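The values are calculated or read from the model by the stated rules, or taken from the named source; none is laboratory data. Not measured: the values here are computed from a predicted model. Cβ placement follows ideal geometry from the backbone for every residue including glycine, while neighbour counts extend to all protein chains displayed.
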Amino acid sequence: MNRTHLLTVMAVFIAIGTITSQLLWFPAGIAKAYPVQHAINVMAAVILGPGPAIVIAFMISLLRNMLGLGTLLAFPGAMVGAFLAGILYRWLGRKIWAAAGEAVGSGIVGALFAVPFANILMGSSAGALAFIPPFVVSSSTGAIIGWFIVTKLSTNNALELTGRNS
């Protein structure tokens, strides 16, 4: 995949993630669940790899915050999930591992990272148990959606257009 193609695909993922954050979300405990963010993390991890997936997660989180559509908690959850989804897919080569990496990375590890993040930057004294349930609900829902989409794309050979043999 050449650089222009890579940047174009990344920009499309970022645009979809930012636009849908206003349209597709649901309350999940003390947080808002954005399953499309997590679906994009899985798709980007499989199609583009861990590095671009992390950049996409960061940019969506940044734009959501700049537009007043998200909180600072978007950063640790999304970026850790994208990283773990990409790494597990690279190491194990199966799309289901990308989905599992997203669910565990955002849902549990990202939630644990969110505790000091929320304490230092947001003045919140919420503990891990306040973050894990809503993060798991959001990331698991999105991971399943992302896994379903990349599975259907590879069944229809649509991933061949990206230059990745999945």
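Before moving on, here are some points about what is shown:
- Residue match in the range 39-61 (condition: at pLDDT 95 or above, touching a helix residue (DSSP H, G or I) at 6+ places or on another chain (Cβ under 8 Å), more than 22 Å from residue 108 (Cβ to Cβ) and in a loop (DSSP other than H, G, I, E, B)): yes
- Subset of the range 51-105 [aromatic (Phe, Trp, Tyr) and more than 25 Å from residue 22 (Cα to Cα)]: 89, 91, 97
- Counting the residues of the range 62-78 that are buried (at least 20 other Cβ atoms within 10 Å of the Cβ) and either modelled with pLDDT of 95 or more or in a helix (DSSP H, G or I) (or both) gives 6.
- The residue that is modelled with the lowest pLDDT, among those in the range 129-162 that are surrounded by fewer than 13 Cβ atoms within 10 Å (Cβ to Cβ) and over 21 Å from residue 26 (Cβ atoms), is 161.
- The set of residues in the range 10-38 that are surrounded by fewer than 20 Cβ atoms within 10 Å (Cβ to Cβ) and either closer than 20 Å to residue 154 by Cβ or touching a helix residue (DSSP H, G or I) at 6+ places or on another chain (Cβ under 6 Å) (or both) comprises 10, 12, 16, 20, 24, 28, 29, 30.
- Whenever a residue of the range 79-96 is at pLDDT 95 or above, its partners that are assigned to a loop (DSSP other than H, G, I, E, B) and hydrophobic (A, V, I, L, M, F, W, C), lying with C-beta atoms within less than 9 angstrom and at least six residues away or across chains, give the pairs 86/48.
- Some residue of the range 79-92 being under 20 Å from residue 27 (Cα atoms) and either of a type in the set (Phe, Trp, Tyr) or touching a His at 6+ places or on another chain (Cβ under 6 Å) (or both): no
- Residue selected from the range 17-45 under the condition of a type in the set (A, V, I, L, M) and under 12 Å from the mean Cα position of the chain (by Cα), by the criterion nearest to residue 92 (Cα to Cα): 45
- Condition met for residue 105 (modelled with pLDDT under 90 and either under 22 Å from residue 33 (Cα atoms) or surrounded by 21 or more Cβ atoms within 10 Å (Cβ to Cβ) (or both)): no
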